[in-house]
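Readers should treat all values here as calculations from the given coordinates under stated rules, not as data from a laboratory. Note that the structure is predicted; figures quoted are calculated from it, not measured. As a convention, Cβ positions derive from the backbone with ideal geometry for all residues, glycine included, and neighbour counts pool all protein chains shown.
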Amino acid sequence: MNRPVLELINVSKTYPGGIRALDKVSFELKEKEIHALLGENGAGKSTLIKIISGDLRPDEGKIIYESKETSFKSPIDALLRGIGTVHQNLLLIPSFTVFENIRLYASVLKQKADINALTEYFKIFNLPNNILTRKIADLPLSLRQKIEVIKILLFRPRILLLDEPTTSLTPLETAEFFNILKKLRDEGKSIVFVTHKVKEAMAISDRITILRRGKKVVTLENKGNLNEEELASLIVSEEYRMRQSVHNIDTIRESTKSGFEEYALLVENLIARDDLGAYRLKGLNLKLKKGELLAIVGVAGNGQKELVECLVGLRKFEKGIIKYFESEYRGVVDFCEVIKKHRVAYITEDRMYTGVAKDLDLATNIALREICLERENFFLDKRRLTRKAKEIVSKYGIKTPSEKALVNQLSGGNIQKLIIARELEINPLLIIAEQPTQGLDVKTTNFVRSLLLSKKGKASILLITYDLEEAIMLADRIIVIYDGKIVAEHSPENIDLRKLSKEMLGVST
Amino acid sequence: MIGGKIMWYEKKGILNVFASFLSITIGVAVLIFSFYMCGINVMSAIQTLYFGAIGTYNSISETLLLASILALISYGLTISFTANVWNIGAEGQYMMGAIASTVLSLTFKNLPGYILIPLSLVIGILAGLLWALLPGVLLVKYSVNEVLTTLMMNYIAQYILSWLVTGPLQDRTSLFPESPYIPSQAHLPRIIALYRINYISLILLIALAPLIYIIISKTYFGMSLRILGSSRRVAKYAGLNVEKLIISSLLISGALSGLAGAIEILGIQYRLRPGIVQGYGYTGIVITLVGNMHPYGCLLASIFIASLMNGISQVCQLYQLPIGLTQILQSIFLITFVSVKFLLEYLSTKRIKIYGE
Amino acid sequence: MDIGLLVTYLLRDALWLMTPLFYAAIGEFIVEKAGVLNLGIEGMMLISAFVAFAIGFLFENPYIALLIGCLAGILVNSLFYILFQLIGVDQSLAGLSITIFGSGVTFFAFRAMIGYSTSASPPVVKNIISDLPLPILSRLPILGFILFDQNPFVYFSFLLLFLFYVAEKSDIGLKIRTIGEDPSIADFIGIDVYKFRLICVIVQGFLSGVAGSMLTISIYNTFLDNITAGLGFIAITMVILGGWNPIRIFYSSFLFGLIYALQFRVQMYGASWLPYQFALSLPYIVTIILLAVFGRKYRPPTSLGKPYKRIR
């Protein structure tokens, strides 16, 4: 029987501001196991990981590591003592080479990196040796993730914490990754695998611990006996309600499926480069029919960002045509004109640094779009803007001390609501939504999704998402982007996930 | 280029106003202390200071006159700084305005005053505007840091001025490096013949403040500048023409500094001399910052600093103190102000919680 | 004058006249690698120049003047550190404040000093640090004259170049570079951002102190208002044009040294058709042109100029 290597007993953590992230949670990790930590956004998984990895200290409770009660002073301290963490935000410096990143860790940990182990790991992870001299910035996200894992493994941790490691991997890459994890477990490591995807937890883990709203719900042995629906209901009591609303969503979709004629957005042979001069869009074609919701799925880094930037005038394109309704653009889109003429809304992925001006107040941020709409007027009507801000705050349930508050006093979810509210308030005919529900809690996610669905029919929606479930749930059509081109099209009804993964990876079917 | 600051139109200006007053108080205290250290009678020094500043009709005239020059520069800087464009070149733009108005009024010395004066002022505006154009274009097209370019333009302007007054423009009848006097009809008409303060300076000093205020807070252009100043990315996202905005803010700022230079010639110096270079461009920066980049704050700060400058020069004359007391005072204002303001900001943000989660 | 001789003199002067610029540029290079944009070099150099002048004038020992000048540089830069890192003033604003402060303080202090001096002639530092020809090497033809019959500061500039070239590749260099790329990651993995930045700031203070002092106790022998004449900002330009690489910074500084050398010779041999103001404004014109053409060639450290406060 495997002995416990790490135990958390009745650990609690409250953030300043009163949010109780963990409430007397007990967690046990055995030797040679893969232990999944399952829960929705905001359940406390990240907090638990931060405590185990030494980033935070618990307010209450004990940590027992290697049979002794202890505490970790810092993530580096934890790593030195055998607990390595791979975060969602990779701790890699993009402008350094792989070698420099490893060397940095070696220097900080005051240890020599094991070069032999390095070559071994390169083999296991299927990486060429010359990757050492390449800059992280030149590598795709999946490779970067592998490098990060290898970097941690070089310092021989007993415990490996992985925070949502599969977000940017295709299903095939995920399977590959899982094989590596199993190998590591068999070599004697203990792995904590944080995820919100039930299927993954069931596929990889020996045990599953479910967290909900800061409390531990249960720890289950995973011997092939578990039921996905049951697990889902344990994760979120609202899951049923979400499933219900999924059914509602299905009915809405049925009713709006009436004939789509004409195109709201037409993209022909779009060719564009990224900031470093590399070609990112290599002849992209797409047609968005009026009234439909078209989802573009694909692994991050295949041109989604550049496509959206071209569509909204943030990037010039070398060849091709972008046509909003009757307005044709070559070279660059004058988005201000597009907004004015065709009422196009753009919900940006980067809410903190692009979507809002943080040090300005709500009313000004809401008026951001007014600039393009009211181009003829010279003077702005402060009173009307403040009134509008008040309306929006109450209509969308944005929590804020007042409309005069600065945006940087709002939480992430409320900022997203603000952005969406602002964009949808212009009664758009076309909506470009980039990752609209990323990082939001279940309630807000459902709110946003039903909002988008309700606009379908009146408006045409282009949804760019990495979340396949979201695409299947909302879209009338799904297209796959790979290497700067649209490579496939699917109807969400009877979709073959294996085929989809291959297309996302560029494997010819 | 510079960010992370909170602006006046957020109605949280109490902290900022407090910072302004505190730094001014500290600066003046240092001044008085230095009087004491120099061994002069503090009370009579303060009296002299008062008389030099606003104690006599003449000093009121001089103070308002100086304030108008400083305020013009600082109004322009307010527009530019609001958009986060750091125009350090006000000094050079001022010089070019002075040069242009001198050249024009000397060239057309037979035109009547009602044509010559507006023409000279306009050419001053144009000169300052054009001098800011190159740094603007470089910033927009080649992402060249505007602090470096505007500063370099200052040095170049200085040498152009030096060359002109020792060469082509030099008054043949004078031993000094200076231009001939501008024709008398180009002199800005005074309000009272005895005192130098003229109508145009006074009007500009007072009327521009509300005008700039309206532009920044009540027009779409102003809102665009504020958004640009908050974040260039967000400005692009909002569909703003970032290039046009950056260049406009620099041109406006350059124009106002050029106008200040023209007024210096037409209303104070009446000829081009190296002595017109008094660091007003940099004083303007201090005023704009201490005035919290708010036109009314700049108005108050200009008058205050102008009165201080005149008062101090009176004191220095009387008591044989080294000149330069003003410069050091300004620097103290600036350093104290930025320290106090950001310190207060830091302390207050520690108490602001994230609302809603 | 024979062309060959002129070129030799030019090269030699260039190496000499580039030293203040190079020292200031290398100082700025370090702090920029750590993510800090210091626009206050000009003020720092001015204050050091004045302090060195004052000490040199009063005590007639240029070495002590140099030392105190460096100390002054360190002190001023510590003020900069307090402003931008501890109080949280925006880096560019803090730097500009220091520069304005420097010019104000020296403007006043210089006048205060000569106001109290009893001598009728302009104040001059009696002993300055002048050339030190190296024993055998300076006799080498041409090269010996250019490289080895120089001011000691020139010899040290080669040493400096070597030191920083090596330091950049070291572990400490890597840590500093990490801070400059992403201070939050650096902080997370246990690199003390505050401590390292303070070290860089102190080193820069020392180097700028040398650069400033050099002006009044070696290259010239007196103090003038704004004797630095934008050198601090040109140093920042050197870092940009040199792409944050010590060797390229050396080349750029050498180029400017040539410009200064040319200025010097033009003034000596006088070209009456060319106003001397043109020669004097050459560095500034060249700066603008070079920035326009090469300003975007190299990528700056990612977090340059961005404020960072420890969250943990």
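Hey, with R₀ at 35 Å, roughly what FRET efficiency would A:ILE9 and A:LYS183 work out to, going by the Cβ-Cβ distance, to 0.05?
In this case the efficiency is close to 0.70.
Find which of C:SER184, C:ILE172, C:THR216 sits farthest along the positive direction of the dipole of segment C:113-257, computed with +1 on the beta-carbon of Lys and Arg, -1 on that of Asp and Glu, about the Cα centre.
C:THR216
Output the peptides C:50-63, A:169-182 sorted from most to least packed, where packing is the average of other Cβ atoms within 10 Å over each peptide's residues.
In descending order of packing, they fall as C:50-63, A:169-182.
Can you give the angle from 0 to 90° between the axis of helix A:412-424 and the longest principal axis of chain A, with both taken from C-alpha atoms, to the nearest 10?
20
Given +1 on the Cβ of Lys and Arg, -1 on the Cβ of Asp and Glu, and no further charges, what dipole in debye does the protein assembly as shown carry about its Cα centre, rounded to the nearest 20?
1240
For segment B:153-199, just say rounded, prolate or oblate: build the C-alpha gyration tensor, square-root its eigenvalues into a ≥ b ≥ c, call rounded for a/c under 1.5, and beyond that prolate if a/b exceeds b/c, oblate if not.
Taking the square roots of the gyration eigenvalues as a ≥ b ≥ c, segment B:153-199 is oblate.
Using only C-alpha atoms and all pairs of different ones, pull out the Kirkwood radius for segment C:69-146 in Å with one decimal.
Evaluated on segment C:69-146, it is 16.7 Å.
Please average, across the residues of C:68-81, the number of beta carbons from any other chain that are within 10 Å of each residue's own beta carbon, and give a whole number.
0
Using only Cα atoms, figure out Rg for segment B:8-155 and give it as a multiple of 2.2 N^0.38 Å.
1.39
Could you size up the charge dipole of chain B around its Cα centre, putting +1 on the beta carbon of Lys and Arg and -1 on that of Asp and Glu, and report it in debye to the nearest 20?
Taking the Cα centre of chain B as origin, the dipole is about 760 debye.
Would you work out which of C:PHE196, A:ASN222, C:GLY115 lies farthest towards the positive end of the dipole of the protein assembly as shown? Charges go on Cβ: Lys and Arg +1, Asp and Glu -1.
In the protein assembly as shown, that residue is A:ASN222.
What number results when the radius of gyration of segment A:1-113, computed over Cα atoms, is divided by 2.2 N^0.38 Å?
Ratio of Rg to 2.2 N^0.38 Å for segment A:1-113: 1.18.
About the Cα centre of chain A, how large is the charge dipole given +1 on each Lys and Arg Cβ and -1 on each Asp and Glu Cβ? Please answer in debye to the nearest 20.
840
From Cα pairs below 8 angstrom and at least 6 apart in sequence, can you work out the relative contact order of chain A, rounded to a whole percent?
The normalised contact order for chain A reaches 15 percent.
Find the percent of Cα-Cα distances in segment A:113-153 that exceed 16 Å, and round it to a whole number.
26
For chain C, what number results from the quotient of the Cα radius of gyration and 2.2 N^0.38 Å?
Computed over Cα atoms of chain C, the ratio equals 1.01.
Once the dipole of the protein assembly as shown is set up with Lys and Arg at +1 and Asp and Glu at -1 on Cβ about the Cα centre, which of B:SER253, C:PRO141, B:SER179 lies farthest towards its positive end?
Most positive-ward Cα: B:SER253.
Enter the Cα centre distance for the pair segment C:217-283 and segment B:88-113, rounded to the nearest angstrom.
One Cα centre to the other: 30 Å.
Can you compute the helix-only [θ] at 222 nm over the protein assembly as shown? Use -39500 (n - 2.57) per DSSP H run of at least 4 residues, normalise by all residues, nearest 500 deg cm²/dmol.
-17500 deg cm²/dmol
Starting from one equal scatterer on each C-alpha and no solvent at all, send me the Debye-based log10 I(q)/I(0) for segment A:376-509 at q = 0.11, 0.12, 0.19, 0.21 Å⁻¹, two decimals.
-0.52, -0.60, -1.12, -1.27
How are the alpha carbon pair distances in segment B:167-263 distributed across 10 Å bins from zero to the largest one, expressed in percent?
Percent of pairs per bin, in order: 12, 28, 24, 18, 14, 4, 0.
Can you give me the relative contact order of segment B:36-157 as a percent, contacts being Cα pairs under 8 Å and 6 or more apart?
Value for segment B:36-157: 27 percent.
Quick check of the Kirkwood formula: for segment A:53-158, what is the inverse mean of 1/r over all pairs of different Cα atoms, in Å?
For segment A:53-158, inverting the mean 1/r across all distinct Cα pairs yields 14.8 Å.
Over the alpha-carbon set of chain A, work out the extent along each principal axis and list the three values in angstrom, largest first.
71, 49, 44
Calculate how large, on average over all directions, the projected area of the Cα convex hull of segment B:83-205 is; give the answer in nm² to one decimal.
The directionally averaged projection comes out at 9.4 nm².
How big is segment C:86-228 by Rg and Dmax over its Cα atoms, in Å?
20.7, 62
In chain A, which Cys residues have no partner Cys with a Cβ closer than 4.7 Å?
Flagged as lacking a Cys partner: A:CYS310.
Could you work out the mean count of beta carbons from other protein chains within 10 Å of each residue's beta carbon in B:154-162?
Across the residues of B:154-162, the mean count of other-chain Cβ atoms within 10 Å is 6.
Take peptide A:414-420, look around each residue's Cβ out to 10 angstrom, count Cβ atoms belonging to other protein chains, and average those counts.
1
Counting only pairs 8 or more places apart or on different chains, how many lysine pairs in segment B:216-357 have C-alpha atoms closer than 27 Å?
Number of lysine pairs found: 6.
Straight-line reach from A:LYS443: which aspartates and glutamates fall under 18 Å, measuring Cα to Cα and dropping same-chain residues less than 8 apart?
Result set, ordered by chain and number: A:GLU40, A:GLU238, A:GLU239, A:ASP467, A:GLU469, A:GLU470, B:GLU357.
So what is the orientation-averaged projected area of segment B:25-104, using the convex hull of its C-alpha atoms, in nm²?
So the mean shadow area of the Cα hull is 8.1 nm².
With the Cα gyration tensor of segment C:190-277 in hand, convert its eigenvalues to equivalent ellipsoid semi-axes via √(5λ) and list them largest first in whole Å.
Computed over segment C:190-277, the values are 32, 17, 10 Å.
Using only Cα atoms, what Kirkwood radius does chain B have, in angstroms?
One over the average 1/r among Cα pairs gives 21.2 Å for chain B.
Starting from the Kirkwood radius over alpha-carbon pairs of the protein assembly as shown, derive D by Stokes-Einstein at 4 °C in a medium of 1.567 mPa s and give it in µm² s⁻¹.
So the translational diffusion coefficient is about 39 µm²/s.
Output needed for segment C:159-312: three equivalent-ellipsoid semi-axes, defined as square roots of 5 times the C-alpha gyration tensor eigenvalues, in descending order, whole Å.
Semi-axis lengths for segment C:159-312 are 35, 18, 14 Å.
List the DSSP H helices in chain C whose Cα atoms stretch 24 Å or more along the helix axis and whose mean Kyte-Doolittle hydropathy is at least 0.5.
Span-like helices here: C:41-59, C:62-81, C:91-116, C:152-169, C:193-214, C:246-269, C:276-294.
Post the alpha-carbon centroid distance, segment B:148-179 to segment C:80-154, in whole angstrom.
Centre-to-centre (Cα) distance: 27 Å.
Once the Cβ-Cβ distance between C:VAL7 and C:TYR165 is put in as r, and R0 is 22 Å, what FRET efficiency do you end up with, to the nearest 0.05?
0.20
In whole percent, what relative contact order does chain C give with Cα contacts below 8 Å and a gap of six or more residues?
So the answer I get is 37 percent.
In whole Å, what is the distance between the alpha-carbon centres of segment B:181-241 and segment A:100-150?
Between the Cα centre of segment B:181-241 and that of segment A:100-150, the gap is 57 Å.
I need the fraction of alpha carbon pairs in segment C:11-148 separated by more than 27 Å, rounded to a whole percent.
When all Cα pairs of segment C:11-148 are counted, 36 percent exceed 27 Å.
At 37 °C and 0.692 mPa s, grab the translational diffusion coefficient of segment B:189-229 from Stokes-Einstein with a Kirkwood Rh over Cα pairs, rounded to a whole number in µm² per second.
274
Treating segment A:313-432 as a set of equal point scatterers at the Cα positions, no solvent, please give the Debye-formula log₁₀ I(q)/I(0) at q = 0.11, 0.18, 0.22 Å⁻¹.
Result of the Debye calculation: -0.40, -0.96, -1.28.
Plugging the Kirkwood radius over Cα pairs into Stokes-Einstein for segment A:276-334, at a temperature of 25 °C and a viscosity of 0.890 mPa s, what D comes out in µm²/s?
Answer from the Stokes-Einstein relation: 196 µm²/s.
Give the Debye-formula value of log10 I(q)/I(0) at each listed q (0.21, 0.24, 0.26, 0.29 Å⁻¹), with one equal scatterer per alpha carbon of segment B:104-145, two decimals each.
Calculated log10 I(q)/I(0) at the listed q: -0.65, -0.74, -0.81, -0.91.
Restricting the calculation to Cα positions, tell me the Rg (one decimal) and the Dmax (whole number) of segment B:248-296 in Å.
Cα-based Rg and Dmax for segment B:248-296 come out at 12.3, 34 Å.
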